[in-house]
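The values are calculated or read from the model by the stated rules, or taken from the named source; none is laboratory data. Every value quoted in this text rests on a predicted model; they were computed, and no experiment measured them. Backbone-built Cβ (ideal geometry, glycine too); neighbour counts: all protein chains shown.
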Amino acid sequence: MAKVVFTGGLRTLVGAESIELEAARVVDLVAALYARYPALEGKLEGATVAIDGTLHHDARYQRLLPTSEVHFLAPIAGG
Amino acid sequence: MAKIQVQTTINGETFDYLCDGQQSLLSVLRDELGLTGTKEGCSTGDCGACSITLDGQLVPSCLVLAAEAQGREIGTVEGVSSATGLHPIQQKFLEHAALQCGVCTPGLIVATRALLLKNPNPTEAEARYYLAGNLCRCTGYDKIIKAVLDAAASMRGESA
Amino acid sequence: MSNQNGSGSDRKFKVVGTRPIRHDGLDKVTGRANYGADLALPGMLQGAILRSPHAHARIKKLDVSKALAMPGVKAIVTSADFPEIGSGGMAAGESHIDPKDLQANIMARGKVLYHGHAVAAVAASTIEQAREACKMITVDYEVLKPVMTLAQALAKDAPILHEGRKAVGVPPLPEGDTNIMMRLANAKGDVDAAFKGADVVVEGWYEASMAHQGYIEPHATVVTTRENGQAEIWCSTQGPFAVKSMVAVTLQMDPNLIRVTPSEIGGGFGGKTTIYLEPVAVLLSRKARRPVKMVMSREEVFRATGPTSGTRIWAKLGVKKDGSFVAADTRMEFEAGGFAGSPMGAASMTLYAAYNIPNFRFEGLDIVVNRPKVAAYRAPGAPNAAYALETAIDELAQKLAIDPIDLRLKNAVKEGDVASYGPKYDRIGFIECLQAAKNHPQYKAPLGKNQGRGVGAGFWFNVGLQSSATVSINDDGSAVVRTGNPDIGGSRASMAITVAEELGIPVERVRPLVGDTDTVGYCDLTGGSRVTYATGMAVIEASKNVIEHLRARAATIWGCEVDAVEWRDGQAVGTNGASNNKPLSLADIAKQMAHTGGPIIASASVNPPAAGPGFGVHLCDIEVDPETGRSTVLRYLVVQDAGKAVHPSYVEGQFQGGAAQGIGWALWEEYLFDKDGKMENPGFLDYRMPVASDLPMIDTVVVEVPNPLHPYGVRGVGETPIVPPLATVGNAVSRAIGVRMHQLPMTPPRVLDAIETKKG
């Protein structure tokens, strides 16, 4: 089961610091999160996603391991 | 309004142009004569991107009226290199990576040429004060000053 | 200029790490290079913009009829010519921009939100005619009270910039109309309990002024439109593809009709990641059916284009006697300018990123004020955040009588530590940077009277994002590499170096080109310190694809299987039954292209992960004249982890340039407004950027701890250098005068005030 860690506003919406979910890819994980937490709906689009420490600008079809730890962060760009 | 006819020398070549009374020399160089190597950064004489020489003296061309150039000798960046190749100042700017975006570079090259004609062996402080009218936002001036001092040494026939 | 190698990358490079003369250099030292304002087209009109004389006002009536009748006037555009669009996010620069706001910033709709906000535009035969016509446009304003400071914006009875717009983000959010556009907050551990257990606590407010990127080339564009709706846009930009999508959204155009050609760019630093003129020029050109050129004056650049946020940050940091951080708490208030979208989000993520702090909390507010809408500026938000935290760390070091580098070393993040923003760090070089600074001769140089030494550190994510590249081989064995990233500081050279490294040919035999949006594959913008990293990766991939072709061509020539051909040191070498063939160079194969299948060309594209964080440590030695309050920078050192320096001169150049910008922000640069909200210093004489005589040589140490995400170990280097200087310079001044400074810039009057206060 992949572990999803929430910070800031997402934590407030979910009401937990982290949860575990079964998902093969990020897109499946997001769908499962939306289903479980309707308040999250749409809030994870465009996020920078950290999977086991690596920050992906677009992680939609990234595969997850059962041991993966996932963070949803604000989009990161720069000047 | 009647145009003013001006005859001048630019980089050793004779030019005739018509200009308005309030038109800057920078505007004539860029917009009428197509000499766009001279850049416009502020039009208030504060940035040095439009540096040229007028009878050998370094001036911001945005503060010179085009009509004032009558009978005078203008030097722009387009006249710095020659048939034999780059001027040592240009060569040293390249070797020292003394430019990043490059938009201040034409002004700095012209200003450095004016400096080294006056003072072939400037100290670092002298170079910094002479070039204080030429803003560069990319480099922090470090590599520019190194290039200027190295160009001076090279023009004096010394290897730095 | 020394190199300190971290262990790791054992690849022996031939070209990477050398310092060839940049390929575009010749045109830049001779004045041939064409920047935004250097293009002229036959029949071209000149455009000018009428700007608001008020910082906050409602537009009651706008009449252009008199102006239209002026000599030479061919077209006038107002907000009525822009399509109405809805809200919604779009990625650009440092944050998601609301297209409706983007459009309203380009041309005010209903309300002006800062002095200098565009309200109409004129195209005429000459620029003088266009400017004269602007004066004949009559605008009836209902002048409103301007909101110029964060305190005014947050006051109970504050005038509201955007009526009916609700704050978003993390609750609790303000009820009803507010100038707070977004609130972010996060916490870890039990902060209050941890502070109780701390041995020493410092807290204070740290203020930084709004500052401008200060690129020397003003914004400029030339636009041609066609009868079939197509628009050809030439402009100075960090991202031609971003311009294309932003013009498409603001004008609700089919993007397929838009082609953007980037000119040479005369500096950007984030400020040219957004658009101001381009859609206006498209509309003017459409109406006039002529090409239109628009060039900003310096005054317009200051009044109406992207500064970065002024900030007020309250920070509190608690520490044990041994120097270990136990708790931190921060409240950050960011000026967004007239529209939502300051870099507060990035600031909140970078704030604690360099240190292990077991308990922390922050709150961040994005606040609209009647100042120009901020744009990205080099590591957006991070310098402001680091100013607060790195100053607090310096205060703690003084209170604990601990060396400020040792205090940082004790708490610095390293591989495997969990970043404050969530994930674990892979290989990073912060410790190596701190040690290199500590070992540098400057750190031991004696200080005289009225002199102080400041230490500061900084972190920036560096980004990846999308890039593509095409490499083609000429029949003489030379190569061309094309990408879509405007070369803002030497990236053509690093792209050419990369091709030369992969193909094994001299770097002079590679010609690097920057294409327009129709001639190259998609590239995200030149920003986020991403070009040498991400676009470089696309170039590596494209070069490898070319090598596959070269092996196949060699196999054709030799009549053997491809498997029997290896590419080694720039030539095809036969193995397994083909080894009796004389190796073929790239030139040998290129000569036979026509016989072996035609031209050799290959492309590649990438969307790599965010790029491996950059850490930097700066040292500043300063002397303060106690009579005048004037600060003189005596020595300055930048130490930063570059992962692997592809062209070390341009890496050093990024270090030095970022430091100089930070020094300017710390000592001299600020936006000054009068009581009506008009900027008082919109020129280089009074907005005081560093000049050559203000600075010493800026020494650099390039630390190389390879980035595991990149084949060469490259990390982005462009942004990190502006993160440490605000605190570094501030700490130096504070130590020189013996009073802690809390406000930037530290102009002579402010320093004198501080000295007077100390005397009592």
key: Residues of the stretch C:196-218 that turn out to be more than 12 Å from chain B (Cβ to nearest Cβ), in a loop (DSSP other than H, G, I, E, B) and touching a Phe, Trp or Tyr at 6+ places or on another chain (Cβ under 8 Å), as a count   = 2
ask   = Out of (1) at pLDDT below 95; (2) surrounded by 18 or more Cβ atoms within 10 Å (Cβ to Cβ), the odd one out for residue C:118 is which?
value = (1)
task = Considering every residue within the stretch C:428-449, establish whether at least one is within 14 Å of chain A (Cβ to nearest Cβ), under 17 Å from residue C:615 (Cα atoms) and either modelled with pLDDT of 95 or more or under 30 Å from the mean Cα position of the chain (by Cα) (or both).
result = yes
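Please state which one of C:395, C:363 is surrounded by fewer than 23 Cβ atoms within 10 Å (Cβ to Cβ) and closer than 30 Å to residue C:679 by Cα. Give the steps one after another, and end with the answer.
Working: C:395 fails: closer than 30 Å to residue C:679 by Cα.
Selected residue: C:363, the only one of C:395, C:363 that is surrounded by fewer than 23 Cβ atoms within 10 Å (Cβ to Cβ) and closer than 30 Å to residue C:679 by Cα.
Somewhere in the stretch B:116-135, is a residue of a type in the set (A, V, I, L, M, F, W, C), within 11 Å of chain C (Cβ to nearest Cβ) and surrounded by fewer than 23 Cβ atoms within 10 Å (Cβ to Cβ)?
Yes, some residue in the stretch B:116-135 is of a type in the set (A, V, I, L, M, F, W, C), within 11 Å of chain C (Cβ to nearest Cβ) and surrounded by fewer than 23 Cβ atoms within 10 Å (Cβ to Cβ).
Would you confirm whether or not the stretch C:481-504 contains a residue that is part of a strand (DSSP E or B) and free of Cβ contacts under 8 Å to residues at least 40 places away in the same chain?
Let us first name the residues in the stretch C:481-504 that are part of a strand (DSSP E or B), namely C:481-483.
So of that shortlist, the ones also free of Cβ contacts under 8 Å to residues at least 40 places away in the same chain come out as C:482.
For the stretch C:481-504, residues part of a strand (DSSP E or B) and free of Cβ contacts under 8 Å to residues at least 40 places away in the same chain: present.
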request  = Output the residue which, of all residues in the stretch C:690-700 that are surrounded by 23 or more Cβ atoms within 10 Å (Cβ to Cβ) and touching a residue at least 60 places away in the same chain (Cβ under 8 Å), is nearest to the other protein chains (Cβ to nearest Cβ).
outcome  = C:698
request  = Could you grab me the full set of residues in the stretch B:72-99 that are surrounded by 24 or more Cβ atoms within 10 Å (Cβ to Cβ), out of contact with any strand residue (DSSP E or B) (no Cβ under 7 Å at 6 or more places or on another chain) and more than 9 Å from chain C (Cβ to nearest Cβ)?
outcome  = B:92
inquiry  = Looking only at the stretch C:613-650, count every residue that is within 20 Å of residue C:390 (Cα to Cα), in a loop (DSSP other than H, G, I, E, B) and touching a Ser or Thr at 6+ places or on another chain (Cβ under 8 Å) and tell me the total.
reply    = 0
query = Hey, among C:103, C:129, which residue is among the polar types (S, T, N, Q), over 26 Å from residue A:45 (Cα atoms) and at pLDDT 95 or above?
reply = C:129
ask   = In the stretch A:25-62, which residues are within 11 Å of chain C (Cβ to nearest Cβ) and over 17 Å from residue C:609 (Cα atoms)?
value = A:42, A:43
message = Could you go through the stretch A:9-24 and let me know if any residue there is under 24 Å from residue C:359 (Cα atoms), of a type in the set (S, T, N, Q) and surrounded by fewer than 17 Cβ atoms within 10 Å (Cβ to Cβ).
response = yes
query = Does residue C:516 meet the test of being crowded, with 24+ Cβ neighbours inside 10 Å, touching a strand residue (DSSP E or B) at 6+ places or on another chain (Cβ under 9 Å) and under 30 Å from residue C:715 (Cα atoms)?
reply = no
ask   = Of all the residues that make up the stretch C:657-679, how many are surrounded by fewer than 24 Cβ atoms within 10 Å (Cβ to Cβ), farther than 23 Å from residue C:742 by Cβ and not basic (Lys, Arg)?
value = 3
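With respect to residue A:4, is the statement that it is under 19 Å from residue C:609 (Cα atoms), more than 9 Å from every other protein chain (Cβ to nearest Cβ) and in contact with a Ser or Thr (Cβ under 8 Å, 6 or more places away or on another chain) true? Steps first, please.
On the way: under 19 Å from residue C:609 (Cα atoms): yes; more than 9 Å from every other protein chain (Cβ to nearest Cβ): yes; in contact with a Ser or Thr (Cβ under 8 Å, 6 or more places away or on another chain): yes.
Considered against the rule, which asks whether it is under 19 Å from residue C:609 (Cα atoms), more than 9 Å from every other protein chain (Cβ to nearest Cβ) and in contact with a Ser or Thr (Cβ under 8 Å, 6 or more places away or on another chain), residue A:4 comes out as yes.
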ask   = Can residue B:114 be described as in a helix (DSSP H, G or I), of a type in the set (A, V, I, L, M, F, W, C), within 9 Å of the chain's Cα centre (by Cα) and over 13 Å from residue C:30 (Cα atoms)?
value = yes
message = Please count how many residues of the stretch C:1-55 are closer than 22 Å to residue C:495 by Cα, at pLDDT 95 or above and more than 11 Å from chain B (Cβ to nearest Cβ).
response = 6
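Answer yes or no: is there a residue in the stretch C:597-620 that is without any contact (Cβ under 8 Å) to a residue 40 or more places away in the chain and outside the structural domain of residue C:662 (by TED's automatic domain parsing).
Let us first name the residues in the stretch C:597-620 that are without any contact (Cβ under 8 Å) to a residue 40 or more places away in the chain, namely C:598.
From the residues that got through so far, the ones that are outside the structural domain of residue C:662 (by TED's automatic domain parsing) too are C:598.
Yes, there is a match, as at least one residue in the stretch C:597-620 is without any contact (Cβ under 8 Å) to a residue 40 or more places away in the chain and outside the structural domain of residue C:662 (by TED's automatic domain parsing).
Do we have any residue at all in the stretch C:34-48 that's surrounded by 21 or more Cβ atoms within 10 Å (Cβ to Cβ) and among the charged types (D, E, K, R)? Don't jump to the end; show me each part of the working.
Of the stretch C:34-48, the ones surrounded by 21 or more Cβ atoms within 10 Å (Cβ to Cβ) are C:35-38, C:45-48.
Now narrow it down to the ones that are among the charged types (D, E, K, R): C:38.
Yes: one or more hits.
Using the structure shown, decide if residue C:660 is within 24 Å of residue C:435 (Cα to Cα) and without any contact (Cβ under 8 Å) to a residue 60 or more places away in the chain. Before the answer, list the steps.
Details: within 24 Å of residue C:435 (Cα to Cα): yes; without any contact (Cβ under 8 Å) to a residue 60 or more places away in the chain: yes.
Judged against the criteria, residue C:660 is a match.
Within 14 Å of chain A (Cβ to nearest Cβ) and out of contact with any helix residue (DSSP H, G or I) (no Cβ under 6 Å at 6 or more places or on another chain): does that describe residue C:607?
Yes.
Looking only at the stretch C:625-662, how many residues end up being of a type in the set (D, E, K, R), more than 10 Å from chain B (Cβ to nearest Cβ) and within 19 Å of the chain's Cα centre (by Cα)? Outline the logic, then answer.
To start, the set of residues in the stretch C:625-662 that are of a type in the set (D, E, K, R) comprises C:625, C:627, C:630, C:635, C:641, C:644, C:652.
Those left that are additionally more than 10 Å from chain B (Cβ to nearest Cβ): C:625, C:627, C:630, C:635, C:641, C:644.
Keeping just the survivors that are within 19 Å of the chain's Cα centre (by Cα) gives C:641.
So the count comes out to 1.
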key: Single condition residue C:284 does not satisfy, out of (1) within 30 Å of residue C:390 (Cβ to Cβ); (2) in contact with a strand residue (DSSP E or B) (Cβ under 8 Å, 6 or more places away or on another chain)   = (1)
message = Condition first: of a type in the set (A, V, I, L, M) and surrounded by fewer than 21 Cβ atoms within 10 Å (Cβ to Cβ). Now tell me which residues in the stretch C:607-647 satisfy that.
response = C:634
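Do we have residue B:40 as under 21 Å from residue C:686 (Cα atoms), of a type outside the set (A, V, I, L, M) and free of Cβ contacts under 8 Å to residues at least 40 places away in the same chain here?
Details: under 21 Å from residue C:686 (Cα atoms): yes; of a type outside the set (A, V, I, L, M): yes; free of Cβ contacts under 8 Å to residues at least 40 places away in the same chain: yes.
So residue B:40 fits the description; yes.
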ask   = Looking at this structure, is residue B:55 free of Cβ contacts under 8 Å to residues at least 60 places away in the same chain, more than 30 Å from residue C:18 (Cβ to Cβ), within 14 Å of another protein chain (Cβ to nearest Cβ) and acidic (Asp, Glu)?
value = no
note = For residue C:746, the lone unmet condition from (1) within 26 Å of residue C:488 (Cβ to Cβ); (2) touching a Leu at 6+ places or on another chain (Cβ under 7 Å); (3) buried (at least 21 other Cβ atoms within 10 Å of the Cβ) is (1)
